[in-house]
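Student: Provided herewith is a single structure, encoded as structure tokens, for subsequent inquiry.
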Amino acid sequence: MQHHDVVILANGQFPSSCGLLAMLSATPRLVCCDGAYARLVDAGVPLAVNAELYVTGDGDSLPQQLKDELGSRFIKVDEQDYNDLGKAFRLCCAHNWADIAILGATGLREDHTLGNISYLALYGSKHTANGTPVKPVIYSDYGVMQPVYGRRQFPSHKGQQISIFSLTPQHPVSAQGLRYPLQQLLLTQWWMGTLNEALGDTFVVDAGQGSVILFTEY
């Protein structure tokens with residue numbers, strides 16, 4: 001797993017793999033959604049020495065004792081137009097942290113999972129306060145999800161499981177280097193680009209004028 005400027009810990013299924021727990025413990029900056037911080041404390045996961053810690057959200061899932069302990073590191077945002085993950089994204093953008101890893105975004109409630117994954121497309125098209133393009137990636141215990149715009153090449157290994165979800169079904173998608181290549185295909189249903197497989201050490205996805213979410217198995 002590559003280095004990231006910051007890790008966001010969302011309040012979905014708490015990460016359990018050794019690799020994700022190591023990322024959580026090693027990150028120099030951690031932004032927790034409020035309920036996720038309470039679970040982090042309960043899990044007893046150690047953080048890096050001198051790691052910057054912020055907790056944000058409306059505070060409804062955070063015990064008062066933890067709020068008091070956090071002090072100014074708890075940033076309360078009452079508005080409900082965005083969920084706590086959206087508030088964490090905005091905090092990262094304001095601090096010019098562009099390369100963002102998100103843990104705990106999936107699992108538990110399916111509506112939260114779908115909403116959190118869709119944030120990839122929204123914030124993957126945005127910039128930080130200093131104009132740097134945002135690069136968000138969700139890591140689960142099973143694989144990686146990231147937004148794709150235009151044409152990109154990705155490293156892979158033979159047999160690696162790949163799924164492509166279009167959030168702009170009016171724009172055709174192409175992909176090469178997969179068992180089932182896509183040639184200017186309109187992915188009008190979410191299942192249409194799923195359950196594919198890499199043939200070698202790279203593959204290419206071309207989202208054209210649209211945007212897609214790419215899932216790659218570890």
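The values are calculated or read from the model by the stated rules, or taken from the named source; none is laboratory data. Computed from a predicted model, the values in this text were never measured in an experiment. When we count neighbours, we look across all protein chains shown, and the Cβ atoms used for this are built from the backbone with ideal geometry, even at glycine.
Student: Check the stretch 119-130 and report whether any residue there is assigned by TED's automatic domain parsing to the domain that holds Ala10, in a strand (DSSP E or B), in contact (Cβ under 8 Å) with a residue 24 or more places away in the chain and not polar (S, T, N, Q).
Tutor: yes
To keep it simple, each residue is scored yes or no on (1) out of contact with any His (no Cβ under 8 Å at 6 or more places or on another chain); (2) over 16 Å from Phe89 (Cα atoms); (3) of a type in the set (A, V, I, L, M).
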{"site": "Asp111", "(1), (2), (3)": "yes, yes, no"}
{"site": "Pro155", "(1), (2), (3)": "yes, yes, no"}
{"site": "Ile164", "(1), (2), (3)": "yes, yes, yes"}
{"site": "Pro169", "(1), (2), (3)": "yes, yes, no"}
{"site": "Gln176", "(1), (2), (3)": "yes, yes, no"}
{"site": "Thr188", "(1), (2), (3)": "yes, yes, no"}
{"site": "Ala198", "(1), (2), (3)": "no, yes, yes"}
{"site": "Gly208", "(1), (2), (3)": "no, yes, no"}
{"site": "Phe215", "(1), (2), (3)": "yes, yes, no"}
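Student: Here's something else I'd like to know. Just a yes or no: is a residue in the stretch 5-17 within 29 Å of Asp81 (Cα to Cα), surrounded by 23 or more Cβ atoms within 10 Å (Cβ to Cβ), acidic (Asp, Glu) and in contact (Cβ under 8 Å) with a residue 40 or more places away in the chain?
Tutor: no
Student: Quick one: count up the residues across the stretch 1-50 that are part of a loop (DSSP other than H, G, I, E, B) and either within 19 Å of Trp97 (Cβ to Cβ) or not assigned by TED's automatic domain parsing to the domain that holds Lys67 (or both).
Tutor: Counting residues in the stretch 1-50 that are part of a loop (DSSP other than H, G, I, E, B) and either within 19 Å of Trp97 (Cβ to Cβ) or not assigned by TED's automatic domain parsing to the domain that holds Lys67 (or both) gives 11.
Student: Cβ-Cβ below 6 Å, separation at least six or inter-chain, first residue in the stretch 43-62 and among the charged types (D, E, K, R), second not in a loop (DSSP other than H, G, I, E, B): which pairs?
Tutor: Close Cβ pairs (under 6 Å, with a partner that is not in a loop (DSSP other than H, G, I, E, B)) amount to Glu52/Arg29.
Every residue, every condition in (1) touching a residue at least 24 places away in the same chain (Cβ under 8 Å); (2) assigned to a loop (DSSP other than H, G, I, E, B); (3) touching a Phe, Trp or Tyr at 6+ places or on another chain (Cβ under 9 Å); (4) assigned by TED's automatic domain parsing to the domain that holds Thr106, yes or no:
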| position | (1), (2), (3), (4) |
| --- | --- |
| Val137 | yes, no, no, yes |
| Tyr149 | yes, no, no, no |
| Thr168 | yes, yes, no, no |
| Gly200 | yes, yes, no, no |
| Asp206 | yes, no, no, no |
| Gly210 | yes, no, yes, no |
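Student: Still on this structure, I have one more. Looking at the stretch 89-96, can you tell me whether even one residue there is closer than 18 Å to Ser140 by Cβ, within 21 Å of the chain's Cα centre (by Cα) and at pLDDT 95 or above?
Tutor: Yes, because at least one residue in the stretch 89-96 is closer than 18 Å to Ser140 by Cβ, within 21 Å of the chain's Cα centre (by Cα) and at pLDDT 95 or above.
Student: Of the conditions (1) small (Gly, Ala, Ser); (2) over 17 Å from Gly57 (Cβ atoms); (3) not in a helix (DSSP H, G or I), Ala105 fails just one. Which one is it?
Tutor: Of the numbered conditions (1) small (Gly, Ala, Ser); (2) over 17 Å from Gly57 (Cβ atoms); (3) not in a helix (DSSP H, G or I), the odd one out for Ala105 is (2).
Student: Would you be able to say whether some residue in the stretch 127-134 is surrounded by 15 or more Cβ atoms within 10 Å (Cβ to Cβ), hydrophobic (A, V, I, L, M, F, W, C), within 30 Å of Ala43 (Cα to Cα) and at pLDDT 95 or above?
Tutor: yes
Student: Using the structure shown, decide if Thr106 is under 11 Å from the mean Cα position of the chain (by Cα) and farther than 21 Å from Val6 by Cβ.
Tutor: no
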